[in-house]
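To keep things clear, I will list the structure first and then write my remarks on it.
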Amino acid sequence: MRILECGLKYKVTLRWVILVFAAVIQFGCANESVPQGGAQDKEPPKVKKISPADKTIHFNSDKIEIKFDEFLKQGSFAQTLVSPPLEKRPEFKVEGRTLTIKLKSALRDSTTYTINFGDDIQDLNEGNIAANFTYVFSTGSYIDSQKVSGMVIQAKDNTAADGIIVLLYPKDSVDGILKSKPFYFAKTDKAGTFKIENIKAGKYWIYGLKDQNFNYIYDQPNELIAFSDNAIDLFDSIPQNVKLFLFDENKRRLRLDEVRSMEPGRLQISYSKPIKNFKLDWKGFSTNDFAYIYPTNDTITYWFSNYYSTKDSFYITANDTLLDTVRMELKSIKKDSIYTWPKYSLSVVNQSNKTKIDSSNIGLQELNKAVKINFNRPITGIDESKLLRINEESDTNFIEQKFVVDEMTKMFLLLDFEKKENTKYNLEIPDSTVQDIFGMWNKKIIYRFTTNNKTSYGNLHITLKTEHPENFYVIKLLNAANETVKEFFFTGNGERKVTVDNILAGTYRFVVIDDTNKNGVWDTGDFSHKIQPEKTYPYKETYQLKGGWDLDVEVKF
């Protein structure tokens, strides 16, 4: 009986195994799954089959099926647009590798339609995008064949603008980009180039848009815009080539973005756009307090000596009109701990040296620039009875020197004296010479530096020539780090010769600004008044200046 019982169990178990195995096979055949493993997929989905076919004429279907070579990601298809626009939005449905589009509106007779999917078609695994993918069909006997191509350029630095949407609106749609979606669009590639095809013959306004909320409308303060002064004419077989200059209109409303307590005695205040002037008031104000505005004019550092305050209200005014009251927690120093604070807590920072003479880390000092000593807090007092002492490493005789404090930030000392080339120096600042905003002093500072050779410098002789004497130009000389070494202003006829003496050997190039309003700086555009941004012309040619050499260059504009 035991053997028979075991045999019956085996038969039942085997039967169930067979049934389960069959079910697994059936399920696997009916439901495709995403392959696992292998190298990372970097290719976007590719079309295997479209029904009806792309560029079908006499189109009369209400459903389109597009099959791809890999599984697609589910999505809202919010970026997908149909042009010309339909009365009702189509329905988009993804099932595995297939995208089905159901049209909900009646189609116009003899009309070419384009469905542009933007970035909506992505593969399931890696999210690779089939960028600028379109499906085109016509209810008439031909497909519209007009096209436009071109490039979008960042106006401020003349570089290619990647990922910018280029939009077309019929000419009778004035400023349509402010309130409606485009009839046609495409997105720029990494080189800033774009192409829009299958356009109905006509005249169109063309725009470029850095679309922050993906609604194809210029409606956000942080969006960038480009526009053409005139409508483009698409009536013949010659494709139009358009260059658009993208700019930040700076139409953001001025507001106080943030006030942060960075450390005891220091606030950082940020605004949404550059300001013209600034004022701060609070009950802990001291005559030693001061503020400085960064070169961008949208950020302020405020230093105050009342460092033990833990919470307070600040009354901040920008441009004489924008008043904000901010009550906040402050990073502070406890009153009972201030007496145990080191008297000599003012120290040197961000300096390529150590404070000991035997250090091997020696700062490299340019021969023709002042020595700069950076401190961790603003300098508000100097003991005039104490002098800096400088000596060459090979000479024990000291040269006594005075120094100046940077007026704007008060964060560094500048010391200028006649330096010898390729010479090591020791600079000594006696203790209790420099006092900071908290009343603390420096301990003795010894800074070692060595100067470079005269042969590290050269002279640049520049000839400026213009073919447009009616214009006003700003010419910038930039080094390899894109830092402005020198600026020149040019207007009128003929040519002008200038010399830049004693600059470091290295690579240099020029940027020319067509300064239309003659204010000496680059200005952005104004879309509402149809003012283009000022043009910049970065010269691709670079010039290699060798140490100890003179170099003649010519700049035409």
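The values are calculated or read from the model by the stated rules, or taken from the named source; none is laboratory data. The model shown is predicted, which means the values in this text are computed figures rather than measured ones. When we count neighbours, we look across all protein chains shown, and the Cβ atoms used for this are built from the backbone with ideal geometry, even at glycine.
Data for the structure
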{"quantity": "Qualifying residue in the stretch 310-333 (condition: at pLDDT below 90 and over 30 Å from R255 (Cα atoms))", "calculated": "yes"}
{"quantity": "The stretch 114-153, residues that are under 30 Å from D523 (Cβ atoms) and surrounded by fewer than 21 Cβ atoms within 10 Å (Cβ to Cβ)", "calculated": "S149, M151"}
{"quantity": "Every residue from the stretch 203-232 that is more than 17 Å from the chain's Cα centre (by Cα), farther than 18 Å from K181 by Cβ, assigned to a loop (DSSP other than H, G, I, E, B) and touching a residue at least 24 places away in the same chain (Cβ under 8 Å)", "calculated": "D229, A231"}
{"quantity": "Whichever residue in the stretch 267-280 is in contact (Cβ under 8 Å) with a residue 40 or more places away in the chain and buried (at least 17 other Cβ atoms within 10 Å of the Cβ) and, among such residues, is nearest to D436 (Cα to Cα)", "calculated": "L267"}
{"quantity": "Residue match in the stretch 118-127 (condition: more than 28 Å from S228 (Cβ to Cβ), of a type in the set (A, V, I, L, M, F, W, C) and in contact (Cβ under 8 Å) with a residue 12 or more places away in the chain)", "calculated": "yes"}
{"quantity": "Any hit, the stretch 138-147, residues being under 39 Å from the mean Cα position of the chain (by Cα), at pLDDT 95 or above, within 27 Å of D69 (Cβ to Cβ) and not β-branched (V, I, T)", "calculated": "no"}
{"quantity": "Residues that are aliphatic (A, V, I, L, M) and in a strand (DSSP E or B), drawn from the stretch 275-296", "calculated": "L280, A291, I293"}
{"quantity": "Candidates G75, G96, filtered to the one that is within 35 Å of the chain's Cα centre (by Cα) and either exposed (fewer than 13 other Cβ atoms within 10 Å of the Cβ) or not assigned by TED's automatic domain parsing to the domain that holds V166 (or both)", "calculated": "G75"}
{"quantity": "Criterion violated by S237 - all others in (1) touching a strand residue (DSSP E or B) at 6+ places or on another chain (Cβ under 7 Å); (2) surrounded by fewer than 16 Cβ atoms within 10 Å (Cβ to Cβ); (3) modelled with pLDDT under 90 satisfied", "calculated": "(1)"}
{"quantity": "Matching residues, the stretch 388-437, being without any contact (Cβ under 8 Å) to a residue 12 or more places away in the chain and under 22 Å from L504 (Cβ atoms)", "calculated": "E418"}
{"quantity": "Residue that is surrounded by the fewest Cβ atoms within 10 Å (Cβ to Cβ) [pool: residues in the stretch 169-193 that are touching a residue at least 60 places away in the same chain (Cβ under 8 Å) and within 28 Å of the chain's Cα centre (by Cα)]", "calculated": "K181"}
{"quantity": "Qualifying positions in the stretch 74-126 - of a type in the set (D, E, K, R) and out of contact with any Ser or Thr (no Cβ under 9 Å at 6 or more places or on another chain)", "calculated": "E95, R97, K102, K104, D119, D123, E126"}
{"quantity": "Some residue of the stretch 521-535 being of a type outside the set (D, E, K, R), in a strand (DSSP E or B) and free of Cβ contacts under 8 Å to residues at least 12 places away in the same chain", "calculated": "yes"}
{"quantity": "Search result, residues across the stretch 214-260 that are touching a Gly at 6+ places or on another chain (Cβ under 6 Å) and closer than 16 Å to T524 by Cβ", "calculated": "A226, L244, L246, F247"}
{"quantity": "Any hit, the stretch 233-255, residues being in a loop (DSSP other than H, G, I, E, B), of a type in the set (F, W, Y) and either on the phi < 0 side of the Ramachandran plot or free of Cβ contacts under 8 Å to residues at least 24 places away in the same chain (or both)", "calculated": "yes"}
{"quantity": "Test: residue in the stretch 174-185 that is closer than 15 Å to V152 by Cα and either in contact with a strand residue (DSSP E or B) (Cβ under 6 Å, 6 or more places away or on another chain) or small (G, A, S) (or both)", "calculated": "yes"}
{"quantity": "Search result, residues across the stretch 302-316 that are within 35 Å of the chain's Cα centre (by Cα), free of Cβ contacts under 8 Å to residues at least 60 places away in the same chain and farther than 14 Å from R327 by Cβ", "calculated": "Y302"}
{"quantity": "Output for the stretch 256-265, where each listed residue is free of Cβ contacts under 8 Å to residues at least 40 places away in the same chain and either surrounded by 16 or more Cβ atoms within 10 Å (Cβ to Cβ) or in a loop (DSSP other than H, G, I, E, B) (or both)", "calculated": "none"}
